[in-house]
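K.L.:
Okay, handing you the structure first.
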Amino acid sequence: MDSEDVVEVVVTGPDAEWLAGYTRTLVGERLAACGHQLAAIRSVYRWEGRVHDDPEARVALHTRRSLVPAVVARTAELHPYDVPCVIALPLAGGSPDYLRWVVAETRAP
């Protein structure tokens, strides 16, 4: 097991409360070991021909690389947005103990 087995999945949502419930669901279902949430971010993006500037919340989920498709699918079921931000970022390294914990706390794909 090394850092290649673990990824950070970034998801944004409409507000901190919705995102906290979403994160609890994914952790409860063992799709993520944990989520580190930023309650207030500002997103500027183009959607349907207009530039938007909206408050949002952001979470960084730590999970197995092999669970990313399941996280994407579950997010599509739960998320209120038509096209939610869900991106998986590879890890360059990390504490071996922490990485083992992430794998131990998530389900096998």
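K.L.:
Please determine whether any residue of the range 63-82 is free of Cβ contacts under 8 Å to residues at least 40 places away in the same chain and touching a His at 6+ places or on another chain (Cβ under 8 Å).
P.N.:
no
K.L.:
Taking the range 1-26, which residues are open to solvent by less than 60 Å² (accessible area, probe 1.4 Å), over 13 Å from Leu78 (Cβ atoms) and out of contact with any Asp or Glu (no Cβ under 7 Å at 6 or more places or on another chain)?
P.N.:
The answer is Ser3, Val6, Val7, Glu8, Val9, Val10, Ala16.
K.L.:
Also: Filter the range 73-89 down to the residues that are open to solvent by 40 Å² or more (accessible area, probe 1.4 Å), not in a strand (DSSP E or B) and not basic (Lys, Arg) and list them by number.
P.N.:
Ala73, Ala76, Glu77, Leu78, Pro80, Tyr81, Asp82, Val83, Cys85
K.L.:
Regarding Ala70, is this residue open to solvent by less than 60 Å² (accessible area, probe 1.4 Å) and at pLDDT 95 or above?
P.N.:
Answer is yes for this residue.
K.L.:
Another question about this same structure. Hey, does the range 90-102 have a residue that's under 11 Å from the mean Cα position of the chain (by Cα), open to solvent by 70 Å² or more (accessible area, probe 1.4 Å) and modelled with pLDDT of 95 or more?
P.N.:
Scanning the range 90-102 turns up no residue that is under 11 Å from the mean Cα position of the chain (by Cα), open to solvent by 70 Å² or more (accessible area, probe 1.4 Å) and modelled with pLDDT of 95 or more.
K.L.:
Just name the residue that is surrounded by the fewest Cβ atoms within 10 Å (Cβ to Cβ) out of those in the range 54-67 that are part of a strand (DSSP E or B) and of a type in the set (Lys, Arg).
P.N.:
Arg58
K.L.:
Also, quick follow-up: Scan the range 27-53 for residues that are surrounded by 12 or more Cβ atoms within 10 Å (Cβ to Cβ) and touching a Lys or Arg at 6+ places or on another chain (Cβ under 8 Å) and jot them down.
P.N.:
Those that are surrounded by 12 or more Cβ atoms within 10 Å (Cβ to Cβ) and touching a Lys or Arg at 6+ places or on another chain (Cβ under 8 Å): Glu29, Arg30, Leu31, Gln37, Leu38, Ile41.
K.L.:
For the range 16-50, which positions are part of a helix (DSSP H, G or I), within 24 Å of Ala108 (Cα to Cα) and either aromatic (Phe, Trp, Tyr) or in contact with a helix residue (DSSP H, G or I) (Cβ under 7 Å, 6 or more places away or on another chain) (or both)?
P.N.:
The answer is Tyr22, Thr25, Leu26.
The values are calculated or read from the model by the stated rules, or taken from the named source; none is laboratory data. This one's a predicted model, so the numbers in the text were calculated from it and none came from an experiment. Heads up, the Cβs are rebuilt from the backbone with ideal geometry, glycines too, and the neighbour counts pull from every protein chain shown. SASA here: full protein model, heavy atoms, side chains in, ligands and nucleic acids out. Shrake-Rupley method; radii C 1.70, N 1.55, O 1.52, S 1.80 Å.
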